1. Over 30 Å from residue A:511 (Cβ atoms) and either more than 14 Å from chain A (Cβ to nearest Cβ) or crowded, with 16+ Cβ neighbours inside 10 Å (or both), is that true of residue B:55?
2. Scanning for something within 14 Å of chain B (Cβ to nearest Cβ), more than 26 Å from the chain's Cα centre (by Cα), assigned to a loop (DSSP other than H, G, I, E, B) and over 18 Å from residue A:592 (Cβ atoms), does the range A:205-224 turn up at least one residue?
3. Take the residues in the range A:457-484 that are part of a loop (DSSP other than H, G, I, E, B) and closer than 20 Å to residue A:437 by Cα; name whichever of them is nearest to the other protein chains (Cβ to nearest Cβ).
4. If you check A:303, A:307, which single one turns out to be within 14 Å of chain B (Cβ to nearest Cβ), within 24 Å of the chain's Cα centre (by Cα) and at negative phi?
5. From the list B:280, B:238, B:261, pick out the single residue that is modelled with pLDDT of 85 or more and outside any helix (DSSP H, G or I).
6. Out of the residues in the range A:303-321 that are in a helix (DSSP H, G or I) and aliphatic (A, V, I, L, M), state the one that is surrounded by the fewest Cβ atoms within 10 Å (Cβ to Cβ).
7. Which of the residues belonging to the range A:353-367 are of a type outside the set (Ser, Thr, Tyr) and either surrounded by fewer than 19 Cβ atoms within 10 Å (Cβ to Cβ) or without any contact (Cβ under 8 Å) to a residue 24 or more places away in the chain (or both)?
8. Please determine whether any residue of the range B:169-178 is more than 12 Å from every other protein chain (Cβ to nearest Cβ), more than 26 Å from residue B:271 (Cα to Cα) and in a loop (DSSP other than H, G, I, E, B).
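The values are calculated or read from the model by the stated rules, or taken from the named source; none is laboratory data. Bear in mind that the values here come from a model prediction, so they are computed numbers and not experimental data. We place every Cβ from the backbone using ideal geometry, glycine too, and count neighbours over all the protein chains shown.
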Amino acid sequence: MFGRFAPLVRGFVASLALCVACAAAAAADPAKVYRIAFPTAETGFDPAKVSDLYSNEVNEAIFDRLLTYDWLARPAKIVPMVAESMPEVSADGKVYTFHLRKGVYFADDPAFKGKKRELVAQDFVYSFERIADPANRSPWAFIFEGRVVGLDEAVAAAKKSGRFDYDAPIAGLTAVDRYTLRITLTRTDYMFLYAAAHTTLCAVAREVIEAYANDTMAHPVGTGPYVLKEWVRGSRIVLEANPGFRGFTWDFAPSTQDADWDHKVIADMKGKAMPQIGRVEISIMDEDQSRWLAFQQQQLDTLNVPLGFIAKGISPDGKLLPDLAAKKIELFRGNDLDVTYSTFNFKDPVIGGYTPEKIALRRAIIMGYRDDEERRIVRKGQMRYIAMPVPPGVVGYDPNYVAVDHYDPVLANALLDHFGYRKGADGWRTLPDGKPLVIHYATGSSAIEREFSELWKRSMDDLGLRIEFDIAKFADHLKAAKACHLMMWGAAWIADWPDADNFMQLLYGPNTGQSNNGCYQSPAFDKLYEASTHLPTDSTERMKLFLDMARQMQVDGAWQVSGSRLRNQLLWPWVLGYKKHPILQAEWVYMDMAPRS
Amino acid sequence: MTAYILRRLWQMIPTLLGVILLVFFLFNWVGGDPAYVLAGKISNQEQIDNIRRQLGVDQPYYVQLGIFIKQVLTGNFGASWSTNETISHILATRLGPSLTVTVPLLILDTLIAIGLALAVAYVRGSLTDRMVMIVCTVGLSVSILVYIIVFQYVFAYKLGWFPVQGWGDSFWQNLVKYASLPILIGLAVSIAPDLRLFRTFVLDEINQDYVRTARAKGVGENRIMWVHVLRNASIPIITNVMAQLPGLLVGVFLIERFFSIPGIGREVILAVERSDFPVIKAITVYVAVATMVFNLLADLMYKAVDPRVQLK
């Protein structure tokens, strides 16, 4: 097009791109150091291999995804990241075409042999294949399993040959050209948009992975705003602003849910070139007291208040205590996208099944459990009641939904009496056929788990139901649950994406042995769930299906839902623009720091 | 002497084999199946089987045991199942922080406890002796957790004499700045029992005829206590100190957790939480070997301290 001037024009464009990169790097001030603590050690920074919350938090700042979330919008809203725009989705919801931005570069690394390395569509093909590669035993392999045309066959071939062929074409995973990625799914699936925004589905460079094949965990090289500068495993992680990052301008609209807070954030941040923070220092502090005192001594800039220290910082009505407020410390309070619940095993001969007396037994147990006491006392008021098995902030949550399984011990006792669970001479109820009735609840040995056990014991005593606690390691309980051998088990689910589907799939019959640990297999529920998967995420019909699923689950007595946990984040006054995102974790990408006082 | 040492080294083999069997069967019995955790939030049986195959836990027990024995013989325990970090790197990087705390702690504890034991034994039965023993008994009754919480709160947070937690890159910075309070806590916990024990050893000697004879010959009290009494009391003291040496290698896990010290103790807890068997078995075997070696050294030191001791 530019004829003999083409090389000149290309050079100009390249220079312009470099200038933009330089501007982004210049925005991050090395003197702005953000210090936080992780309560548990990270495992590493290979996105395909790690599944823990804290490793993913670091990865989120290092690697880019195709899509991400708007920082302020609630419920969380998907927006493009390295995709130029939202993908083109075929009418049947099976083909997703992403057009990548040009001029996005990986951070410099010796693996690139001194050359600038641009992000291209093939990087995503390679990165996604890595997740499916059995040799990587990725905890996220489920995202692609049975989902992408041709990928399962490639995985099967890799299992047979012992090596995944990254050079073989896969029909459903194609780099159409340098900047166009096409993903063809095996079925209509509107949830893939969320998957494309998931931290794990980020781009890595094949050269880097192959150069550090023996320790990919220690060499994260991405196109994101930060690079790993220093890592003392299990002790300290230091990130620095990526000098080659393309940058972006902070420009987000306030949400309706947290309007006051958002306006303050906007006043601090609007129009700033990002990232602003030059260095992030993360310390691993296992103990609550250490984190609490370190924050008080200003060794940390923000702190998620540990449950054991709630009373020292937060009043029962959720306000900051005066001595902290006097130090100009601020409190950000919001609920995590999680649900805490107890499952019933539907294949258990005592408590499982779909006959009226079994449903009555489970519903009586649910109605007899003092869930309010759990939220007020065991959780120290840091859990909110939710009527459905979906937390607020998630697509599909309806604040007007009314539960049918409220705490009501009188009704629970009456229900048990009505269905023949009679009390024997010893005061304990038996099964309708007179056989002993003992509930086995799987739990662990931590302090909070012992508190739960006491609460369950007192609750079941009120009903005349004998309950015993089986204490074992989490892995053992998980193994037993997947085999449908646990009678009851307390669990929590943190959302992978902000959609009710991510919670309802835990109750979908065919997921038994995978994520459906209660082995609940209700044809009615499954029919509703399957119908929801064929509808676009914003469909009103889909929202109604979620309400019907919640109702069906409660009618069958599949879960006892305790609530959704609250997060109390304390901030020193020099922290600017803080807001906890329900899915994104690396908040410092969107923040700034004023000079410490 | 050489024959004795060789015989003792030979005797270590069945002991080590016992440790290997114990660790192996305990882990397989109560350790939990790591594949279920490593498989992530949503996994099917095929993925779990794939992980079990890669970890080798699908092999028959005798094969797994054979691999374990080979690892012990070669000293190559492979890599952590959860982080992929090599075991040799874990030991190399975590041992230093643990030793930075435990070595000064053991040296100071031993010196202070011996000095105080000699002093209170010298004034045995006096008010001072009784008061020191009462303080020791009270000190013994308090859990290390209480010492850590109170000392961290008072000395680090309220008084600001020490950092609340942390660890750096420089040895001297770590020793002086970050390890001081952990060492102080360690001393508060360990001096009381050691003082009581060492006092008993000294009292056993102080009433012996050779002490009376030395006094009758006009030998000074300092020389009697520090040379004659201490030398004769040193065999049980050496036994006690040598028994503590393997503990240096595993650190003080509670102190390491509270003060964010990246030591071995913390790593062991993490490994147990994650069912990370390669880390658990490597550290267990190293500690077992260290215990046996230090026991042998203790026996050799008896001979050096007291020529009357015969090594058979």
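1. no
2. yes
3. That would be A:484.
4. A:303
5. Of the residues listed, the single one that is modelled with pLDDT of 85 or more and outside any helix (DSSP H, G or I) is B:261.
6. Among them, the one singled out is A:311.
7. A:353, A:356, A:357, A:358, A:359
8. Yes, the conditions are met somewhere in the range B:169-178.
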